[in-house]
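**Q** Here's a structure for you.
The values are calculated or read from the model by the stated rules, or taken from the named source; none is laboratory data. Computed from a predicted model, the values in this text were never measured in an experiment. Every residue, glycine as well, gets a Cβ built from its backbone with ideal geometry; the counts of neighbours run over all protein chains shown.
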Amino acid sequence: MKGVYKPFDKGDYDKFDGPAKDAMRVHLELSGYKVTVPPENYGADLYSELGKLKIYHEVEVSQGWKAAHHPFPQGSVPERKKRLADMHINEPLYFWMLRLDLLRALVFPSFRLRPEYLIEVPNKKIHTGEYFYRIPKRFGKEFDLLCQ
């Protein structure tokens, strides 16, 4: 399914992309992984390695998440991100939603991007036609990021 995609917002990208990748890199390194943040190539934001295991990660700041815990019953992954899951069909890929302060995360494995969770979500930037995977939180994990 191809929905309407919001236009690329360079301001949001410049504000959130680097800090979100840095927060994830620090968390994963403190968790014992070797982390690589490749140059922007429209693929996964970064990958981590532990021995022979290589895991891909896509990171997004959830600008509406300001409360201590994720305030919604589902996580939200834009439909346009499905292309990443398709690129890594035989490799582990995780979708990370970071709280606005970058200290807490909600994460889902890519195999949870299933058709039954795909719904149209009107929002401030796209009033109609943008789709998101609304994955029940019970299929993800919410926790504080390691940051020091």
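**Q** Go through the residues of region 7-17 one by one and say whether even a single one is under 21 Å from residue 143 (Cα atoms), assigned to a helix (DSSP H, G or I) and not polar (S, T, N, Q).
**A** Yes - at least one qualifying residue is present in region 7-17.
**Q** Just give me the residues in region 89-148 being of a type in the set (Asp, Glu) and part of a strand (DSSP E or B), in sequence order. Spell out how you get there, then give the answer.
**A** If we filter region 89-148 for residues that are of a type in the set (Asp, Glu), which is where we start, we get 91, 101, 116, 120, 130, 142, 144.
Matches in region 89-148: 120, 142, 144.
**Q** Based on this model, can you work out whether residue 78 counts as over 27 Å from residue 15 (Cα atoms) and either touching a residue at least 12 places away in the same chain (Cβ under 8 Å) or surrounded by 12 or more Cβ atoms within 10 Å (Cβ to Cβ) (or both)?
**A** On the way: over 27 Å from residue 15 (Cα atoms): no; either touching a residue at least 12 places away in the same chain (Cβ under 8 Å) or surrounded by 12 or more Cβ atoms within 10 Å (Cβ to Cβ) (or both): yes.
Judged against the criteria, residue 78 is not a match.
**Q** For region 47-77, give me each residue that is out of contact with any helix residue (DSSP H, G or I) (no Cβ under 6 Å at 6 or more places or on another chain), aliphatic (A, V, I, L, M) and either farther than 21 Å from residue 136 by Cβ or part of a strand (DSSP E or B) (or both).
**A** 50, 53, 55, 77 - these are the residues of region 47-77 that are out of contact with any helix residue (DSSP H, G or I) (no Cβ under 6 Å at 6 or more places or on another chain), aliphatic (A, V, I, L, M) and either farther than 21 Å from residue 136 by Cβ or part of a strand (DSSP E or B) (or both).
**Q** Right, residue 99: under 15 Å from the mean Cα position of the chain (by Cα), under 20 Å from residue 143 (Cβ atoms), of a type in the set (Lys, Arg) and modelled with pLDDT of 95 or more or not? Write out each step before concluding.
**A** Details: under 15 Å from the mean Cα position of the chain (by Cα): yes; under 20 Å from residue 143 (Cβ atoms): yes; of a type in the set (Lys, Arg): yes; modelled with pLDDT of 95 or more: yes.
Yes.
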